[in-house]
1. Filter the stretch A:74-83 down to the residues that are over 17 Å from residue A:148 (Cα atoms) and either within 13 Å of chain B (Cβ to nearest Cβ) or modelled with pLDDT of 85 or more (or both) and list them by number.
2. Give me the pairs, please: first residue somewhere in the stretch A:143-155 and within 14 Å of another protein chain (Cβ to nearest Cβ) and under 25 Å from residue A:133 (Cβ atoms), second residue anywhere and surrounded by 21 or more Cβ atoms within 10 Å (Cβ to Cβ) and of a type in the set (Ser, Thr, Tyr), beta-carbon distance under 6 Å, and either six or more positions apart or on two chains.
3. Tell me yes or no: at least one residue of the stretch A:612-635 is away from chain B (no Cβ under 14 Å), charged (D, E, K, R) and closer than 17 Å to residue A:544 by Cα.
4. Test each condition in (1) within 14 Å of chain A (Cβ to nearest Cβ); (2) surrounded by 12 or more Cβ atoms within 10 Å (Cβ to Cβ); (3) farther than 16 Å from residue B:151 by Cβ for residue B:53 and report the one that comes out false.
5. Can you tell me which residue in the stretch A:528-573 is surrounded by the most Cβ atoms within 10 Å (Cβ to Cβ), limited to those that are within 14 Å of chain B (Cβ to nearest Cβ) and on the phi > 0 side of the Ramachandran plot?
6. For the stretch A:418-425, state whether one or more residues are within 14 Å of chain B (Cβ to nearest Cβ), in contact (Cβ under 8 Å) with a residue 60 or more places away in the chain and more than 17 Å from the chain's Cα centre (by Cα).
7. If I go through the stretch A:23-73 residue by residue, how many of them are within 21 Å of residue A:148 (Cβ to Cβ) and either assigned to a helix (DSSP H, G or I) or away from chain B (no Cβ under 14 Å) (or both)?
8. Taking the stretch B:31-60, which residues are at negative phi and out of contact with any strand residue (DSSP E or B) (no Cβ under 6 Å at 6 or more places or on another chain)?
Amino acid sequence: MVSQRRSADHTEIGILALTRRFGTELGALALAGGRAWIHLLPQLLALTLLGWSAYYGSVLLSARLAVWSAWLVIVGLALGVTARLATLVVSLRVVAEHLGVSTLLRSLASDERIDDDRDQSLSRLLTITMLPFLAVYASFGYVNSFVHDLAMMSVTSIGLATLLQDLNPTTSTVAMVAVGVVIVGLFLARRGLDRLLDRRRTVVLGIVAVVIEASFLLIVALSGFRLVEAFQLWLNDRAVRSWIDTAMHTLSQLLHIDLPVFFTTVWEIFVESVWPVLWEVISQPLAWLALTALVFGSRVLSLQDLWTQTPEQQSTPSRLAQIRGQLAQASGLRRAVLRVQDAFFSDVDDKYLPTWWALKLVLRAGWLPLAAFVTAYNLVRLSGEWVEVQVLRAIGGGSFTEGLLLAPVVALIPDVVVLSAQLALLGAAFARVLQQRERSDSPRTAAPAPGDRRTSAAEVVLVAALLAGFTGLSLLEPSQSAQQHTVAVGTPSTLDGKLVTVHKIRYGDSLASASNPELGRSRLAFVVVTAAVYARSGPATTVTMQLHNGSRRYHSGSWGSFGLNAELGFQQSGDLVFEVDPADLSSHLEAVMTTSAFVTGFHDEVHIELGIPDSAPAQVAGQQVFVVAAPPREAP
Amino acid sequence: MRRWRLVLSSLVVAVVVAGSWVWWVSAHPLRPTTRVDGGSLVLTDGSRYTLTSLTRARSLIDRFGATLTPVAGATFVVATVAYDATSVANADTYSCRLTLWSDQAPWSAADYAAPQPQQSDCRAGSSGTVVAAFEVPQRYLAEVSGVGFNDATGAIHDVVLNATVN
């Protein structure tokens, strides 16, 4: 008992000490990053502004090219992605030089250091590091943002459907062959350029290789997913699908568990809570830190290998080297197979291995500095998103055209201001990673003390607390509905340039109208909401309403209006009728109004607190509600 | 000095890109229209239209003798159009659905059957006079800027004949 209490005391002391160390690490990182940001503010803002210009310039160019051919969009976007990444690489270089990273690298290993020509010129640096950047950039959804913005621009020129249709390989066999040929062609072009680059490495060829790689990724994003979708639809029509469903149903009955509901629930928890934490909150900053390391080369790991290994212990030749050795002696079909393997593994060498080595370098820094960096990075990101949401709420929504006009202006917040701060933080974090390596490489570093089980227990507790904190961070993400107004009954609010008002609420178990005294009867409860929409400006759009109570949603039924639509200058009111569970008739029941426009510039929502008393369910029985589905419009 | 040159260059590039963006969005509205002056137009299916008059009315009498009055705060705008659809062969797809336009948005025609011999709809292969009535809020009357025609076979479907209410 005494030893257990003593162990708990030691764990507590360990937790406090670790927490203090974590706080110190976080503070030092924030201070270093903040100082670098302020000192380099003009350069960082200028470079990120160039990146912003490259992005929106390429969307504009692609929208123009799309009028001639959807395929030209690929080139436009690829140029934009390349230019934007170039500004990121240059910015990281500027920050790292300011923080003395080059000096740190040189001090890590003096005699065995292999001179890397990426330090000699910026253009050389871009050529080497662009491909891994592109791979990670695409995996975090930035390419999808390009595609989304282009689609919005294309709505007003060639039409969204036209753009996607032209790049949809499943519309016909010809389209499928065409997309396949283009994808294979780009892959082969990239391989061909690799060979040219091996013989004569120039900046222009390097950039062209990157643009081709970007084109390859974009065409896969724009049209490749359709193939997967078509396969899934094909699979759903196959007998094997019904076998799986039958097996699941049988298993559910045997286990007395509703397996589909179970898997759905588990999947929802994973998608809504676990995955956002793992991917966006933790993986993304670490991946960017690894890429920052890549700016100065995965050569650092080679230095470590050289430091600890004798020449006899050098690792066996890489898989790629083995294949190339075999290729020299092979012929016929084996030669063709080896060529394919060569192409695949050289791709791995170019894009993924350097990133993997850089990630390993970063992860060796230890969990405490990394946790501090991940926390700081996400705090900066969330702060930027919060500011962006406040700006959008101040704007208050508007038409699709107004949304499209304002999108680049609002994007200055995350793409220039926040990004410049994140770049400064990345440089500071990488410098600390190297400092950590310098300390751990030192022969004077003491070996871990015995009896450190209490430190491990403290680490586990702190890691668990940090993970809970990160989960909380991911849940703090600002709502997609940036323009979310909450008003009371009788208070007008703007929605997509219109003025909407909920006038009154009634509830009962039966309905009547002027033409039908027995309009409806329910064992549940009817809620009738009288609302109006006034179109002060812009074309008519249909405003719809849902009732929300927690995660439960109710749509309006056919007893009243499905939605409200008013032409310019007119006010249209109507009764929207909902059939709800009496248990949901409470003060938590709220109405949510949105527009049903196919494309919108803003995520605009109006929430109306209905003010229904918790005693309402007792008042439903025997209560008839009079409905006026479509009263005449007014001209205020 | 070098960094301020970088800042200036990036600002210049950003202004150019932003200006181009604004120009593109303004030039490509969500519902594009073609505006025509001169009182008459020809659509891609060969049908011709001439705006005879665009007047306001406090009430209307339809061909059944019923009196239509606008809602409080609104007035009627009546468009009289001479049409020639003799060269239109496909009667199934043809219609001269008229709309009334401001610079912001259109108004659709009211449910009004004009007294004969005026028509409320056009017929393919024929010519005549079609009358459409629009209910317009009083405070937006000055914003009326034209009568719209549906060019179903054209690249831009909404063709608007510029005009103001007499």
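The values are calculated or read from the model by the stated rules, or taken from the named source; none is laboratory data. What you see is a predicted model; the values in this text were computed from it and never measured. Counting neighbours? That spans all protein chains shown, and the Cβs are built from the backbone with ideal geometry, glycine included.
1. A:83 - this is the single residue of the stretch A:74-83 that is over 17 Å from residue A:148 (Cα atoms) and either within 13 Å of chain B (Cβ to nearest Cβ) or modelled with pLDDT of 85 or more (or both).
2. Here the result reads A:150/A:62, each pair linking the stretch A:143-155 to a residue that is surrounded by 21 or more Cβ atoms within 10 Å (Cβ to Cβ) and of a type in the set (Ser, Thr, Tyr).
3. no
4. Tallying (1) within 14 Å of chain A (Cβ to nearest Cβ); (2) surrounded by 12 or more Cβ atoms within 10 Å (Cβ to Cβ); (3) farther than 16 Å from residue B:151 by Cβ, residue B:53 fails exactly one: (1).
5. A:569
6. Among the residues of the stretch A:418-425, at least one is within 14 Å of chain B (Cβ to nearest Cβ), in contact (Cβ under 8 Å) with a residue 60 or more places away in the chain and more than 17 Å from the chain's Cα centre (by Cα), which makes the answer yes.
7. 22
8. Selection gives B:31, B:32, B:43, B:44, B:45, B:47, B:58.
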